[in-house]
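The values are calculated or read from the model by the stated rules, or taken from the named source; none is laboratory data. All values derive from a computational prediction rather than experimental measurement. A quick note on method: Cβ atoms are made from the backbone with ideal geometry, for glycine too, and the neighbour counts reach across all protein chains shown. Surface accessibility is based on the protein's heavy atoms, side chains included, excluding ligands, DNA and RNA. Shrake-Rupley method; radii C 1.70, N 1.55, O 1.52, S 1.80 Å.
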Amino acid sequence: SRSVRGVIELDASTVLLQWAVGGMLGCWFTTRHREVGLGYGWLLRGTYVLMAVAAAYIGFASSSTSAAETIRDIGAIIVAVAIVVGLVQSIARRKAGVSGYVDEHDRRSQRVAEMTGINRDQSEREVALGQEFNPLLDLVPVVFGVVALIAAGVSDGGNDALAIIRTIVGAAFLGFVSDAMLLGHWYLVQPGLPRRHVNDIVRTFLVIWPLEVIVMLIPTGMFSVFSGSVDDGWNGQLGWFWAACAVTTGVLSVVTLKALEERAYSAVMAATGLMYLAILTAFGTDLVARAVLAA
């Protein structure tokens with residue numbers, strides 16, 4: 001067996017940046033409908049800004065940094081700043097509420113009034129229309145983050161195009177599986193939230209999942225580990241462990257969607273638990289491949 005160098009890197013700075021950028025893409029994916037409460041956005045922005053800051057710190061603290069890695073680390077700082085700007089804007093405009101949530105509240109109140117004859121006052125927005133937080137601000141750190149991730153892919157060496165694709169697909173993969181789990185928990189805070197939101201993000205993750213598996217298999221990739229041309233140091237066991245993680249991640253996502261078909265509210269909590277497990281296997285799918293193929 002032989003080792004192949006310069007294929008991909010397992011770098012904590014890159015992984016954290018991937019997680020932050022993908023997570024913010026998932027944040028916009030859900031909050032753009034304007035039905036999820038503001039607190040969900042605050043939770044995600046607060047989490048991912050810490051990851052972006054950590055990515056920049058680890059990157060700059062590295063003893064040897066290439067030009068591409070420097071661009072990545074500067075990009076991580078810009079991502080963190082952009083997330084903070086969005087978070088501050090959302091907090092400053094919190095009194096405007098969330099239009100879809102308010103509209104749904106008013107619709108339900110009107111329905112109750114029609115059925116019972118009990119008049120209920122519709123909610124009043126404290127800030128004029130147009131002052132509500134714009135979810136498009138959550139895409140600003142994603143745009144800068146993609147540039148930084150491209151630089152991170154170039155810093156891996158080897159085939160630049162393949163490394164960049166793996167890095168960007170991995171960002172969406174890690175971000176969406178994490179956001180799906182966090183969104184499942186948010187139903188405890190906002191139990192009236194339509195179930196379609198968690199269904200949508202899980203379904204989208206199921207689209208990203210095969211892309212992640214495919215880009216990790218493309219030569220030089222995990223097929224090389226299975227064939228023995230790349231030595232994983234464990235007589236091929238890490239390759240099969242990766243395969244088990246990849247398959248299990250997809251299975252857990254499908255089972256999650258099946259659980260969400262149940263009408264009982266407990267189905268959402270069951271789906272959240274399944275996505276907890278999917279996070280573990282998803283990280284195995286991405287990080288084990290990076291570790292095995294690392295230079």
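In the range 20-76, how does Rg compare with the Kirkwood Rh, expressed as the Rg/Rh ratio over alpha carbon atoms? Before the final figure, lay out each step's value.
On the way: Rg = 14.4 Å, Rh = 12.6 Å.
We get a ratio of 1.14 for the range 20-76.
What accessible surface, in Å², does a 1.4 Å probe find on His197, ignoring ligands, DNA and RNA and rounding to the nearest 10?
10
Of Ser62, Ser13, Ser266, which has the most accessible area and how do the rest follow, probe 1.4 Å?
Numbers: Ser62 50, Ser13 0, Ser266 80 Å².
Result, largest first: Ser266, Ser62, Ser13.
Multiply the residue separation of Asp160 and Val147 by 0.36 nm, subtract the distance between their alpha-carbon atoms, and state the gained length in nm to one decimal. Don't skip to the end; give the middle numbers.
Working: separation 13, 0.36 × 13 = 4.68 nm, distance 1.38 nm.
Going from the current span to full extension adds 3.3 nm.
If the convex hull of the alpha-carbon atoms of the chain is projected onto planes in all directions, what is the mean projected area in square nanometres? If you can, show how the numbers build up before the last one.
Values: hull surface 65.4 nm².
Taking a quarter of the hull surface, the average projection is 16.4 nm².
If each residue of separation counts as 0.36 nm, what is the full-extension length gain between Met269 and Ser99 once their alpha-carbon separation is subtracted?
Numbers: separation 170, 0.36 × 170 = 61.20 nm, distance 2.60 nm.
The Met269-Ser99 span can extend by a further 58.6 nm.
In what order, largest first, do Glu69, Glu212, Glu261 sit by accessible area if the probe radius is 1.4 Å?
Details: Glu69 25, Glu212 0, Glu261 125 Å².
Descending accessible area places them as Glu261, Glu69, Glu212.
Need one word for the range 173-295: rounded, prolate or oblate. Basis is the Cα gyration tensor (sqrt eigenvalues a ≥ b ≥ c); a/c below 1.5 gives rounded, then a/b vs b/c decides.
Details: a/c = 2.98, a/b = 2.85, b/c = 1.05.
The shape class here is prolate.
Within the chain, which complete DSSP H helices have Cα atoms spanning at least 24 Å along the helix axis and a mean Kyte-Doolittle hydropathy of 0.5 or higher?
Details: long enough: 12-31 (28 Å, 1.06); 38-61 (34 Å, 1.26); 67-92 (38 Å, 1.74); 99-116 (25 Å, -1.45); 160-189 (44 Å, 1.40); 196-217 (32 Å, 1.12); 237-260 (34 Å, 1.32); 266-283 (26 Å, 1.77).
Membrane-span-like by this criterion, though nothing is claimed about a membrane: 12-31, 38-61, 67-92, 160-189, 196-217, 237-260, 266-283.
Based on the Cβ-Cβ distance of Asn199 and Ser227, what FRET efficiency does E = 1/(1 + (r/R0)^6) give at R0 = 41 Å, to the nearest 0.05?
Working: r = 39 Å, r/R0 = 0.94.
My answer for the efficiency is 0.60.
Quick check on the chain: helices-only [θ] at 222 nm, where DSSP H runs of length 4 and up contribute -39,500 (n - 2.57) each and the sum goes over total residues. Nearest 500, please. Numbers along the way, then the final one.
Numbers: 11 runs with 209 residues, N = 295.
For the chain, the value works out to -24000 deg cm²/dmol.
Students sometimes get this wrong: rank Ser66, Ser227, Ser90, Ser99 by accessible area, probe 1.4 Å, all chains present, largest first. Walk me through the intermediate numbers first.
Numbers: Ser66 50, Ser227 85, Ser90 0, Ser99 30 Å².
Largest accessible area first, the list is Ser227, Ser66, Ser99, Ser90.
What percent does the relative contact order of the range 160-269 come to when contacts are Cα pairs within less than 8 Å and at least six residues apart?
Values: 65 pairs, mean separation 32.0, N = 110.
29 percent.
What size of dipole, in debye to the nearest 20, comes out for the chain about its Cα centre when the only charges are +1 on Lys and Arg C-beta atoms and -1 on Asp and Glu C-beta atoms?
Magnitude of the dipole: close to 440 debye.
By how many nm would the segment from Ala244 to Val84 grow when fully extended, if each residue of separation counts as 0.36 nm and the alpha-carbon distance is taken off? Kindly include the intermediate steps, with their values, before the conclusion.
Numbers: separation 160, 0.36 × 160 = 57.60 nm, distance 3.78 nm.
Result: 53.8 nm gained on full extension.
Any idea which of Val268, Ser155, Met216 is furthest toward the positive side of the dipole for the chain, if Lys and Arg beta-carbons carry +1 and Asp and Glu beta-carbons -1?
Result: Val268.
Evaluate E = 1/(1 + (r/R0)^6) for Leu50 and Val207, where r is the Cβ-Cβ distance and R0 equals 30 Å; express this FRET efficiency to the nearest 0.05.
Values: r = 28 Å, r/R0 = 0.93.
Approximately 0.60, to the nearest 0.05.
Starting from the Cα of Phe60, step 7 Å along the direction of its Cβ; do the same at Ala12; then give the gap between the two resulting points in nm.
1.7
Express the carbon and sulfur contribution to the solvent-accessible surface of the range 134-277 as a percent, rounded to the nearest whole number, probe 1.4 angstrom.
Working: 4420 of 6180 Å².
The computed percentage sits at 71.
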